[in-house]
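In what follows, a single structure is set out as structure tokens and then discussed.
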Amino acid sequence: MKKKALITGIMGQDGTYLAKLLLSKNYKVYGAYRRNSNYENNRLRKLDIEDKVELINLEINEFNSVEYTINTIKPDEIYNLAAMSFVASSFNQPLYTANTNFISLINILEVLKKSKKKISLYQASTSEMFGNSKNGFIDENTHFDPASPYGISKVAAHYLIKFYRKAYKLECCSGILFNHESPLRGEEFVTKKIVRQLCEILKNKRKYITLGNINAKRDWGFAPDYVEAMWKMLQLKKKEDFVIGTGTTYSIKEFINLTCKYLKIKIKWIGNGINEKCINLENNRIIIKISKKYYRPLDINYLRSKPLKAKKVLKWTSKTKLYTIIKEMCDDVLSSMN
Ligand code: NAP
Ligand code: F7E
């Protein structure tokens, strides 16, 4: 019989790639989405799997809706990916963030606690939980020091998973994923914003880009690689939490330099801090400016993973290099502009 998987947040970047992976492994995939989701623009269509996933309208904050969905489908595996995932917005929406990312997980865990069927649960934890706790490599033993309402909500959810696993022997675990990008990345995240807007500059559809803290460093991997790690975690007999990342780190400025290199835009940087600017050497025009508008009340300056446990236990390593990710993202945007 086919294994059944339920994915919350199916319409997001990871939900879509995970659905594609599970379908390729012959799963029956149920995808939960919220009523107000932008269905017309959905990513499933882009990967040509819209008709292969059974879509379910689910309000994750409503216990009855969660209980009914899980008890009707009786999945073997649940991947809880639904979240208010944009860190910058979480500063202005702390309650909504906590409800979506933390309280709604209690709904799922309480249903699983009462369920007669053993159902495995994957929770989407994040490198944002570490905050500025360390300037070196981060692994499963690094302490948490979240720097946003988003990070705090995810730490709380992370501890819920540990608690239900220990107290009630639930088959649940968290993947602590570092940033991962792809052509399906949401438009508001910095990599997609840079790629799209540089492509627009290249095609004379935009004059300049405005960014915030370009000195922050991130450990960027490729989303299709990372959903493979999610699946591998749920196949383990004894559920454990894992750090998933590349082990490398680049600043936003280095990401811009690499994207310009791929797009063959010759640039130079001038000035410092809020006055830093990027000039297009072909016409001497400013193409990147810095604005306080995009600074966060608190930011994480440095993230770099040490995914040794994943390599050893899951036999998982990040395959795709940053320059290839940039190429994939640029090619996708450019092809949509033609
Ligand atoms: P994403 O593209 O923003 O997708 C998140 C999904 O959650 C969206 O489909 C969204 O629905 C849904 N959602 C948001 N609020 C909801 C609500 N109140 N009720 C139901 N669904 C809701 O994020 P992603 O990059 O795929 O990330 C997947 C998960 O991994 C998230 O939990 C995120 O926090 C976590 N994570 C991501 C990264 C990363 O770098 N991508 C790293 C670590 C952890 P709509 O489509 O309707 O907006
Ligand atoms: O910001 C800086 C910003 O919004 C990255 C989510 O998937 O990964 C993601 O969270 C950095 C920050 O991602 C702009 O200040 C500068 O330092 O792309 P981001 P994020 O906050 O790292 C983690 C692992 C998750 O779990 C989250 O769900 O870039 N930055 N200028 C900017 N960021 C944005 N968005 N826009 C700017 O203009």
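Bear in mind these aren't lab numbers, they're just calculated from the coordinates by the rules spelled out. Since the model is a prediction, treat every value here as computed from it, not as a measurement. Here Cβ is always computed from backbone atoms with ideal geometry, including for glycine, and neighbour counts include all displayed protein chains.
Structure notes:
- Label-point separation, Leu263 to Glu67 (7 Å along Cα→Cβ), nm: 5.2
- Along each principal axis, Cα extent of the stretch 190-288, largest first, Å: 59, 28, 18
- Amide proton proximity set for Tyr79, modelled H, under 5 Å, gap of 5+: Leu6, Ile7, Thr8, Tyr122
- For the pair Asn301 and Lys52, the difference between a 0.36 nm per residue extended length and the Cα-Cα distance amounts to 85.6 nm.
- Based on the Stokes-Einstein relation at 20 °C and a viscosity of 1.002 mPa s, and on the Kirkwood radius from alpha carbon pairs, the chain is assigned a translational diffusion coefficient of 103 µm²/s.
- Listed from fewest to most Cβ neighbours within 10 Å, the set Phe163, Phe242 follows the order Phe163, Phe242.
- Residue list for the stretch 22-58, given a label point 7 angstrom along the Cα-to-Cβ vector of Tyr96 and an amide N cut-off under 15 Å: 34-38
- Pairwise centroid distance, computed over Cα atoms, of the stretch 265-320 with the stretch 1-16, Å: 30
- Selected from Tyr226, Tyr17, Tyr262 as most flexible by GNM, with the chain as the system and alpha-carbon contacts under 10 Å: Tyr262
- Comparing Leu109, Thr72, Ile138 along the charge dipole axis of the stretch 66-156, the residue lying farthest to the positive side is Thr72, per the Cβ-charge model.
- Our Cα-only numbers for the stretch 84-208 put the radius of gyration and Dmax at 17.8, 60 Å.
- Hydrodynamic estimate: the Kirkwood radius of the stretch 119-158 over Cα pairs, inserted into Stokes-Einstein at 25 °C and 0.890 mPa s, corresponds to D of 230 µm²/s.
- Leading residue at positive end of dipole, the stretch 160-256 (Cβ point charges), from Gln197, Ser182, Ile244: Gln197
- Entries in Lys28/Lys116; Lys253/Lys315; Lys3/Lys319; Lys28/Lys166 that, when Cα-Cα distance is taken, lie over 23 Å: Lys253/Lys315; Lys3/Lys319; Lys28/Lys166
- Seen through its C-alpha gyration tensor, with square-root eigenvalues sorted a ≥ b ≥ c, the stretch 190-229 comes out oblate because a/c lies at 1.5 or above while a/b is not bigger than b/c.
- Rounded to the nearest 500, the helix-only mean residue ellipticity at 222 nm of the chain stands at -11000 deg cm²/dmol, with each DSSP H run of n ≥ 4 adding -39,500 (n - 2.57).
- Quarter of the Cα convex hull surface for the stretch 58-105, i.e. its orientation-mean projected area (nm²): 3.4
- Rg/Rg_ref, the stretch 254-323, where Rg_ref = 2.2 N^0.38 Å and atoms are Cα: 1.59
- Unit Cα scatterers, Debye sum, the stretch 1-149: log10 I(q)/I(0) for q = 0.09, 0.17, 0.18 Å⁻¹: -0.31, -1.03, -1.12
- Cα-based Rg of the stretch 1-52 normalised by 2.2 N^0.38 Å, two decimals: 1.06
- When both bridge partners sit in the stretch 109-257, DSSP labels roughly 15% of those beta bridges antiparallel.
- Applying 1/(1 + (r/R0)^6) with R0 = 22 Å to the Cβ-Cβ distance of Asn132 and Ile274 gives a FRET efficiency near 0.60.
- In a simple Cβ point-charge model (Lys, Arg +1; Asp, Glu -1; nothing else charged), the stretch 182-338 has a dipole of about 240 debye relative to its Cα centre.
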